[in-house]
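Notes follow the structure.
What follows draws every value from the coordinates through simple rules; no lab data is involved. These numbers were taken from a predicted model, which means no experiment stands behind them. Cβ: placed from backbone, ideal geometry, glycine included. Neighbour counts: every protein chain shown.
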Amino acid sequence: MKNNDISILGSGLIGSLLSIYLRKRGLDVHMYEKRADNRKSAYKEEGRSINMALSDRGWKALEDLGLTEKVKPLTIPMYGRKIHDEHGKTTFIPYGKEGQAIYSISRGKFNQLLIDEAEAAGVNLHFEHKIEDVSLKDNTLLVSNPEASHQKIHSEVIIGSDGAYSALRNAMLKQVRFDYKQEYISHGYKELTIPATESGEFAMDPNALHIWPRGSFMLIALPNPDKSFTCTLFLPFEGKRVCFENIRDEKDVEGVFKTYFDDAFELMPNLSKEYFTNPTAALINIECFPWMQGKSLLIGDASHAMVPFYGQGMNCGFEDCYILDKLINKFGTNAWELVFAKFQKVRKPDTDAICQLAMENFEEMKNAVSDPKFQIRKKIEAKLHNLYPLDWIPLYTMVTFSDMPYSEAYAQGKLQESIMDRVMADPLITQNWDKLDYEDIIDQMDKAKAV
Ligand SMILES: Cc1cc2nc3c(=O)[nH]c(=O)nc-3n(C[C@H](O)[C@H](O)[C@H](O)COP(=O)(O)OP(=O)(O)OC[C@H]3O[C@@H](n4cnc5c(N)ncnc54)[C@H](O)[C@@H]3O)c2cc1C
């Protein structure tokens, strides 16, 4: 039987990044991936969003590994949301202060870069190696690959970064006192494209995340370096109104797009073909505990898959890696069980908080962003933050542009929300918002914090 120091399951974004961290400590790191090497064939993700928003927590881990300058050229900054109403009118809502942005990046290219870096660092890569099972009592992997149908590999440490349907988590599920909760939401998603214009330019402002919020459903678009946009259509699977189940042919697709997303429709020459070729994918939230059994640990989506509406799944997974590395630094590589125990203890309240926030942000994105009062609310919060930068930090800023623990951001965000609800209850708020007593709002916040 083969013997490894460290086996990482899955070479997605989190597994690849973690493998670099561990290899830098001089450990013998093996990474097992069920798919073929995505650097050798045209990259094809099965129904997973092709580009994603990278923000401060993600950048922090990349910076820590000296990868910022390599990743930057793959990104496009998005400084705010551009809201498209049903008549094609757009409104820009900045994400934060001037210059603050989240960064659109292709999942495939990013993953390839991280795998290249892992390989250069000396990580042993094993593609087309599927983990069939994990024996937790003797830390052994049962692996199948094209050459050997069932190979046993013993490993001192096993880390499951094998995503929402993790094989390591499945093994943990068979243990007593393992808590597990999964929830599919009512909506699914489908990818579509707005290609570059005939003259090779972006068809819309590339420095924004475009949103077409329509109540129970929405379309979003993120820019790509090749001047196209990847759009994601979020619809309920079934229902009486617009939903995947009710879109059966080209006429239905065109009808929905012309009615609700007409300005986007004009820019989507391949809409019908893509709609029926691309898969419809489900969205899941997973929470489980404990994340460890002896010297095995779950990380990233394997331990806390969240719905994508805060753009934090990958960023949170990168932050997992950063925090784990700092604990290894403190306690050494001979104390894995202690490191893992500390890791899950410190991290679980934070991942619970971001999973919850991601669920709540779904409502905000598909509904509230198109409400003029929502835009006023954002303006009031931005002004409060400008006037009192330490006392009032908008929730989105705490989550996206800081590394404050998610659970603290959540708690402070809830206090601020209750105060803002009172402020927004004023029927004249749309006219008066600029003349509010901003100092009084901060006083209310101080009092609420003191309780
Ligand atoms: C529509 C959508 C949009 C998103 N947008 C954002 C965003 O803007 N910003 C953000 O931060 N996050 C976003 N996310 C979340 C982000 O995609 C995930 O949090 C992140 O990809 C998790 O990475 P991971 O490495 O933990 O898991 P995965 O990316 O799922 O990688 C797991 C890897 O393990 C492999 N694997 C699985 N099972 C086995 C097995 N048995 N044996 C061997 N290998 C196996 C898989 O092939 C895969 O390569 C989005 C998610 C979705 C669905």
### Summary
Applying the gyration tensor rule to the Cα atoms of the stretch 107-220 (axes a ≥ b ≥ c; rounded if a/c under 1.5, else prolate if a/b exceeds b/c, else oblate), the class is oblate
### Query
Can you list the residues of the stretch 366-383 with backbone N under 15 Å from a point 7 Å past the Cα of Gln100, pointing along Cα to Cβ?
378-383
### Query
Out of Ala148, Val134, Ile211, whose Cα points farthest toward the positive end of the dipole of the stretch 122-226 (charges: +1 Lys, Arg; -1 Asp, Glu; placed on Cβ)?
Val134
### Query
What does the charge add up to near Pro405, with Lys and Arg as +1, Asp and Glu as -1, over the other residues with Cβ less than 12 Å from its Cβ?
-2
#### Entry: Share of alpha-carbon pairs per 10 Å distance bin for the chain, given as whole %
4, 20, 29, 25, 16, 6, 1, 0
### Task
Apply 1/(1 + (r/R0)^6) to the Cβ-Cβ distance of Ile284 and Thr430, taking R0 = 45 Å, and write down the FRET efficiency to the nearest 0.05.
0.70
### Extension gain from Tyr184 to Gln151, taking 0.36 nm per residue of separation minus the Cα-Cα distance
8.5 nm
### Task
Enter the per residue convex hull volume of the stretch 276-392, computed from alpha-carbon coordinates, in Å³ rounded to the nearest integer.
153 Å³
### Query
What size of dipole, in debye to the nearest 20, comes out for the chain about its Cα centre when the only charges are +1 on Lys and Arg C-beta atoms and -1 on Asp and Glu C-beta atoms?
800 debye
### Query
Using the alpha-carbon atoms, what tilt in degrees (0 to 90, nearest 10) does helix 107-121 show relative to the longest principal axis of the chain?
30 degrees
### Task
Would you kindly state how much longer the chain becomes between Phe331 and Glu408 on full extension, computed as 0.36 nm times their sequence separation minus their alpha carbon distance, in nm to one decimal?
25.2 nm
### Query
In debye to the nearest 20, how big a dipole does the stretch 371-450 give about its Cα centre with +1 on each Lys and Arg Cβ and -1 on each Asp and Glu Cβ?
220 debye
### Summary
Per the C-alpha gyration tensor (a ≥ b ≥ c, the square roots of its eigenvalues), the stretch 211-352 is rounded if a/c is under 1.5, else prolate if a/b beats b/c, else oblate; here it's prolate
### Query
What full-extension length gain, to one decimal in nm, is calculated for Ala196 and Thr259 as 0.36 nm per residue of separation minus the Cα-Cα distance?
20.4 nm
### Query
What residue among Val307, Cys321, Thr430 has its Cα farthest toward the positive end of the dipole of the stretch 296-451, where the charges are +1 on Lys, Arg and -1 on Asp, Glu, each on the Cβ?
Cys321
### Task
Over the alpha-carbon set of the stretch 173-251, divide Rg by the Kirkwood Rh and report the Rg/Rh ratio to two decimals.
1.17
### Summary
In nm, the gap between the two label points placed 7 Å beyond Cα toward Cβ at Ala450 and Leu415 is 1.2 nm
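Tally Lys and Arg at +1 and Asp and Glu at -1 over the other residues with C-beta under 13 Å from the C-beta of Ala203: what net charge comes out?
That works out to -4.
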### Task
May I ask which residue of Met359, Asn4, Leu222 lies farthest towards the positive end of the charge dipole of the chain, with charges of +1 (Lys, Arg) and -1 (Asp, Glu) on Cβ and the Cα centre as origin?
Asn4
### Query
Given R₀ = 41 Å, FRET efficiency for Asp205-Leu173 by Cβ-Cβ distance, to 0.05?
0.35
### Task
Kindly express, to the nearest 10 degrees and within the range 0 to 90, the angle between helix 250-260's C-alpha long axis and the longest C-alpha principal axis of the chain.
50 degrees
### Task
Over all alpha-carbon pairs in the stretch 371-450, figure out the percentage whose distance exceeds 15 Å.
54 percent
### Query
Using alpha carbons only, how many degrees (0 to 90, rounded to 10) separate the axis of helix 313-331 from the longest principal axis of the chain?
50 degrees
